[in-house]
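The values are calculated or read from the model by the stated rules, or taken from the named source; none is laboratory data. Because the structure is a prediction, the values reported are computed rather than measured. Because the Cβ atoms are built from the backbone with ideal geometry, glycine has one as well, and the counts that use them run over all protein chains shown.
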Amino acid sequence: MNKKAMRPESRMMSYGYNPAWSEGAIKCPIFQTSTFVFRSAEEGKAFFEVAYGIRDRAPEEKTGLIYSRLNNPDLEILENRLRLWDQAEECAVFNSGMAAMSTVMLSFLQPGDLLLFSNPIYGGTDHFIHHFLSKMDIKYLTFFPDQSKEEIIQLIEDSGYADRLKMIFIETPANPTNDIVDISMCAQISKYFSHEEKVILAVDNTYMGPLWSHPLQHGADLVLYSATKYIGGHSDVIAGAVLGSSDYLRKVKGLRTFLGNMAGPWTGWLLLRSLETLKVRMEQQSYNAQKIAQYLDTHPLISKVHYLGLIPSEAKEYPVYKRQYRAPGAMISIVIDGGEKAAFRFLNQLQLFKLAVSLGSTESLAQHPATMTHVDVDPQMRQKIGICSGLVRLSIGIEHYEDLIEDLNQALQAVALS
């Protein structure tokens, strides 16, 4: 049987692990150790030479275990399995999604460089760019999903820093409005400004997880995840991941080693568990979300439903949606008439949905972006990108969709009576 021809969901059960390595344990144990024993001083020397980039690994040479800040069996097996979904050469796992994102930016940006990023974007990423990178004299520009390639190129050229553009960072679909950014278009912009040095295109794919979209296949250089979300899927672990070519990941992993923000063995083990059910969880979540979006789209108290599955076929973004995504996902945002007061009344009335941030977990969640995840975003920018006071974000879980609809219905009835 050709195991390489198997689909990722089949290979998740055993890829990268041999039970013979661990007394026949069918699942990879938790390697709760800080350091590893070398068989000889010569072996230790060889391991360190490769780990620190003093020399390249020989064709048949295996990466040796040294110290859990550099490598750990749980972490390595997890990274090998995550690679399968995006068909990536290499993967690096971190102790949070923000650690993954910040390490990528710090790996490829230095003072004087220009970063171009899409808007809307996750509030934590927005804060890091405006309040940390700016202190390092890293310039930044933002663009919006409705802008054309020509408009974005002109924006960059008018900035006066076009020759210093080093990274394009996009989040698509955008958090929390589900706005779509054309990855292929951004890859063309990256190529247009790449000369002696490649302009890196990095895509935050958290909203789609590794199942519904594969940015590397559309021209991205790096794909990032908050692995806390769909990859973890159980609201019990914090993690992040970056995938791409070996050349780029070598640089990212090198900085990770010295920042010390890699995921630990417990996190690795929990994510290995979660990967086995990733496909069945995400498929159920998307199915539920489609049913719920159809219900919400006709409700008189809701003025707008942001959901990929409701994009009309004549819309400008529809071809991009069909090209980039395999499903409409499980994230829905709604605008409730009545502003913050009505939104809070709705949120406080929910029973099956839990009032909490994060997303992609087995349980359904609801939150208020304007006062929670995106509270630090400039108020004028919030209004420009559609994060209004009546906006509520819903992360759809695996409960029965009819029960979720009933919960939403009774909460909206409470709003109507208030």
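What the table below lists for this structure:
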{"item": "Residues of the stretch 47-77 satisfying the condition of being over 30 Å from Arg273 (Cβ atoms) and in contact with a helix residue (DSSP H, G or I) (Cβ under 8 Å, 6 or more places away or on another chain)", "result": "Gly53, Ile54, Arg55, Asp56, Glu61"}
{"item": "Residue, nearest to Asp146 (Cα to Cα), within the stretch 312-356, restricted to residues that are of a type in the set (Val, Ile, Thr) and more than 22 Å from the chain's Cα centre (by Cα)", "result": "Val335"}
{"item": "Strands (runs of 3 or more DSSP E) contained entirely in the stretch 179-257, each with at least 3 residues that are within 29 Å of Lys384 (Cβ to Cβ)", "result": "200-204, 222-226"}
{"item": "Residue that is nearest to Met12 (Cα to Cα) [pool: residues in the stretch 267-282 that are β-branched (Val, Ile, Thr) and surrounded by fewer than 21 Cβ atoms within 10 Å (Cβ to Cβ)]", "result": "Thr277"}
{"item": "Any pair with Cβ under 8 angstrom, 6 or more apart, that starts in the stretch 1-19 at a residue that is more than 23 Å from Asn72 (Cα to Cα) and ends at one that is among the charged types (D, E, K, R) and loosely packed, with under 13 Cβ neighbours inside 10 Å", "result": "none"}
{"item": "Count - residues of the stretch 2-45 that are on the phi < 0 side of the Ramachandran plot and over 30 Å from the mean Cα position of the chain (by Cα)", "result": "17"}
{"item": "Scope the stretch 342-390; condition more than 26 Å from His130 (Cβ to Cβ) and out of contact with any Leu (no Cβ under 8 Å at 6 or more places or on another chain); matching residues", "result": "Phe344, Arg345, Gln349, Gln351, Ser361, Thr362, Glu363"}
{"item": "Unmet criterion (only one of (1) of a type in the set (Val, Ile, Thr); (2) modelled with pLDDT of 95 or more; (3) under 20 Å from Asn119 (Cα atoms)) for Val377", "result": "(2)"}
{"item": "Sole exception among (1) under 17 Å from Lys191 (Cβ atoms); (2) part of a helix (DSSP H, G or I); (3) touching a helix residue (DSSP H, G or I) at 6+ places or on another chain (Cβ under 8 Å) for Ile168, by number", "result": "(2)"}
{"item": "Residue tally, condition more than 18 Å from the chain's Cα centre (by Cα) and surrounded by 15 or more Cβ atoms within 10 Å (Cβ to Cβ), over the stretch 357-371", "result": "6"}
{"item": "Residues (closer than 22 Å to Gly232 by Cα and either in contact with a strand residue (DSSP E or B) (Cβ under 6 Å, 6 or more places away or on another chain) or surrounded by fewer than 14 Cβ atoms within 10 Å (Cβ to Cβ) (or both)) located in the stretch 14-49", "result": "Ile26, Gln32"}
{"item": "Matching residues, the stretch 258-278, being outside any helix (DSSP H, G or I) and at negative phi", "result": "Asn261, Met262, Ala263, Gly264, Glu276, Thr277"}
{"item": "Yes/no for Pro215 being touching a Leu at 6+ places or on another chain (Cβ under 8 Å), in the same structural domain as Arg81 (by TED's automatic domain parsing) and not aromatic (Phe, Trp, Tyr)", "result": "no"}
{"item": "Qualifying residue in the stretch 275-285 (condition: among the β-branched types (Val, Ile, Thr) and modelled with pLDDT of 95 or more)", "result": "yes"}
{"item": "Helices (runs of 4 or more DSSP H) wholly inside the stretch 1-101 containing at least 1 residues that are of a type in the set (Phe, Trp, Tyr), assigned by TED's automatic domain parsing to the domain that holds Leu211 and out of contact with any Cys (no Cβ under 7 Å at 6 or more places or on another chain)", "result": "73-86"}
{"item": "Residue match in the stretch 124-143 (condition: buried (at least 19 other Cβ atoms within 10 Å of the Cβ), among the small types (Gly, Ala, Ser) and out of contact with any Phe, Trp or Tyr (no Cβ under 8 Å at 6 or more places or on another chain))", "result": "no"}
{"item": "Filter result for Ser159 (surrounded by fewer than 17 Cβ atoms within 10 Å (Cβ to Cβ) and touching a strand residue (DSSP E or B) at 6+ places or on another chain (Cβ under 8 Å))", "result": "yes"}
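Residue-wise test of (1) farther than 27 Å from Trp266 by Cα; (2) surrounded by fewer than 18 Cβ atoms within 10 Å (Cβ to Cβ); (3) modelled with pLDDT of 95 or more.
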{"residue": "Arg57", "(1), (2), (3)": "yes, yes, no"}
{"residue": "Tyr67", "(1), (2), (3)": "no, yes, no"}
{"residue": "Ser102", "(1), (2), (3)": "no, no, yes"}
{"residue": "Phe108", "(1), (2), (3)": "yes, no, yes"}
